[in-house]
Structures are given as C-alpha cells and as structure tokens.
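*Asks:* Sharing a structure below in structure tokens format, with a few things to ask.
The values are calculated or read from the model by the stated rules, or taken from the named source; none is laboratory data. Note that this is a predicted model, so its numbers are computed, not measured. All Cβ positions, glycine included, derive from the backbone under ideal geometry; neighbour counts span all protein chains shown. For accessibility, only protein heavy atoms count, side chains too; no ligands or nucleic acids. Shrake-Rupley method; radii C 1.70, N 1.55, O 1.52, S 1.80 Å.
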Amino acid sequence: MSTKNQCEMCAHYIYDDEYEEYICNMSLDEDELVSFYQKRTSCPYFKFYDEYKMVQKQN
C-alpha cells in the first residue's frame with residue numbers, strides 16, 4: 001500500500017480549511033516527516049478511521 005493511500009484511510013488525515021487541502025493532524029517534527037517520506041515505510045501513528053464504528057458507539 002502506498003503512503004498516500006495509507007494516509008487517506010488514517011484518522012489523523014483531516015481537511016484543513018485554511019490551506020484548503022488534507023493534512024496530517026499529528027505533530028511531526030521536520031526530521032520525522034522527512035524520514036517518513038524518504039523511506040516510504042508504514043507510519044507509526046497510523047490509526048484506521050472507521051466511521052461505522054463511531055456510529056455504533058452513538059447508538
């Protein structure tokens with residue numbers, strides 16, 4: 001799975017109205033961000049976003 005696809009399924013990937021684009025909501029320092037994009041490894045902060053699970057909790 002590519003990094004982009006992984007981000008699109010992550011709970012930390014949110015839409016920022018100020019920049020008008022999707023961004024990672026995690027506080028990554030510059031070194032972590034560069035390392036992540038260069039190595040294309042799995043993100044240690046990845047959390048699968050399951051909207052159905054959230055709806056189940058509301059019921």
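*Asks:* Restricting the search to the stretch 1-15, which residues are more than 9 Å from the chain's Cα centre (by Cα), open to solvent by 90 Å² or more (accessible area, probe 1.4 Å) and either of a type in the set (Val, Ile, Thr) or modelled with pLDDT of 85 or more (or both)?
*Replies:* Of everything in the stretch 1-15, just one residue is more than 9 Å from the chain's Cα centre (by Cα), open to solvent by 90 Å² or more (accessible area, probe 1.4 Å) and either of a type in the set (Val, Ile, Thr) or modelled with pLDDT of 85 or more (or both), namely 15.
*Asks:* For the stretch 22-43, how many residues are within 18 Å of residue 6 (Cβ to Cβ) and open to solvent by 100 Å² or more (accessible area, probe 1.4 Å)?
*Replies:* 5
*Asks:* Still on this structure, please answer the following. Taking the condition of a type in the set (D, E, K, R), loosely packed, with under 10 Cβ neighbours inside 10 Å and at pLDDT 80 or above, does residue 18 pass?
*Replies:* Here the answer is yes, as residue 18 does meet what is asked.
*Asks:* Something else: What number of residues in the stretch 15-42 are part of a helix (DSSP H, G or I) and among the aromatic types (Phe, Trp, Tyr)?
*Replies:* Of the residues in the stretch 15-42, 2 are part of a helix (DSSP H, G or I) and among the aromatic types (Phe, Trp, Tyr).
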